1. Among the numbered criteria (1) out of contact with any Pro (no Cβ under 9 Å at 6 or more places or on another chain); (2) farther than 26 Å from Cys45 by Cβ; (3) at pLDDT below 95, which single criterion is violated by Glu182?
2. Determine, yes or no, whether Ser124 is touching a Phe, Trp or Tyr at 6+ places or on another chain (Cβ under 6 Å), farther than 20 Å from Val204 by Cβ and surrounded by 15 or more Cβ atoms within 10 Å (Cβ to Cβ).
3. When the stretch 190-215 is examined, which residues are found to be over 19 Å from the mean Cα position of the chain (by Cα) and among the hydroxyl-bearing types (Ser, Thr, Tyr)?
4. Just one of Pro114, Pro99, Pro93 is surrounded by fewer than 17 Cβ atoms within 10 Å (Cβ to Cβ) and under 21 Å from Val31 (Cβ atoms); which is it?
5. Condition (residue is in a loop (DSSP other than H, G, I, E, B) and of a type in the set (A, V, I, L, M, F, W, C)) applied to the stretch 84-99: is it met by at least one residue?
6. Is it the case that the stretch 127-137 has a residue that's among the hydrophobic types (A, V, I, L, M, F, W, C), part of a strand (DSSP E or B) and more than 20 Å from Ser43 (Cβ to Cβ)?
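The values are calculated or read from the model by the stated rules, or taken from the named source; none is laboratory data. Owing to the predicted nature of the structure, the values given are computational and were not obtained by experimental measurement. All Cβ positions, glycine included, derive from the backbone under ideal geometry; neighbour counts span all protein chains shown.
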Amino acid sequence: MEADFAAAAAKHMAFRVKAGESRTWMVFRPVVGENLAVVQYRSCCFNYADLDANNAADAELGLNDDWNENVDQYVDHYHHYFDVADWENSHWPEGSDGPYFAVTSWALKENVGPGPGEARKKFSQMAKKEGWAEGDHNWLWLESIGGKPRLTVVSSMDSLADLAPEDPSFFEFASEKMGSAEDAMAMFDQFGSGFANSDFTVWVYDEELSTPSDD
């Protein structure tokens, strides 16, 4: 039913624009990962009070009703999450707009203490202050609300060629800045101690299913 879903979803997104919805939705599909039959809708950025206003607008404009009537029949199941962005420790310059996005997610262990978070902030600030952030490097840290606790880092890519290993790697960069590979490894071990497992997915922006643009 993928083709039927795509046709119905595109028509629904046009309906949202015509109805006067204020939000812009970006749609992504996985091209690398375990489950390729997923469509992800994302909208950014809001505070919690905005969520109440958005829910009220959905009801007033009939947005959910239109989705349920025309698109829901092609959907197997739903997940709904909020992501909190850590802008202070991220580097997301203007133009970080894909169309590909490399996403690594870690499942958080319980009661691990502040060590992993301190390590993440340490190497993020090192990357920003010591030169790694220059050039084409970008990253965005997200913490999830809903479901099992997880931490995610996203990197925007122009093409799949950007998946090629860096030379030098970030570990080599960190080793140089910290003075030794042992010190860098200790920092990465401290970060990794907070997680039970990880998952890597590459997503591509789907313009046809996203909010139509006037451009």
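1. Glu182 satisfies all of (1) out of contact with any Pro (no Cβ under 9 Å at 6 or more places or on another chain); (2) farther than 26 Å from Cys45 by Cβ; (3) at pLDDT below 95 except (3).
2. Values: touching a Phe, Trp or Tyr at 6+ places or on another chain (Cβ under 6 Å): no; farther than 20 Å from Val204 by Cβ: yes; surrounded by 15 or more Cβ atoms within 10 Å (Cβ to Cβ): yes.
So Ser124 does not fit the description; no.
3. Correct list: Ser193, Ser213.
4. When all the criteria are applied, what remains is Pro99.
5. Step one: list which residues in the stretch 84-99 are in a loop (DSSP other than H, G, I, E, B), which gives 92-99.
Filter again for of a type in the set (A, V, I, L, M, F, W, C), leaving 92.
Yes, because at least one residue in the stretch 84-99 is in a loop (DSSP other than H, G, I, E, B) and of a type in the set (A, V, I, L, M, F, W, C).
6. Looking only at the stretch 127-137, we keep the residues that are among the hydrophobic types (A, V, I, L, M, F, W, C), and these are 127, 132-133.
Next, from what is left, pick out any that are part of a strand (DSSP E or B): none.
Scanning the stretch 127-137, I find no residue that is among the hydrophobic types (A, V, I, L, M, F, W, C), part of a strand (DSSP E or B) and more than 20 Å from Ser43 (Cβ to Cβ), so the answer is no.
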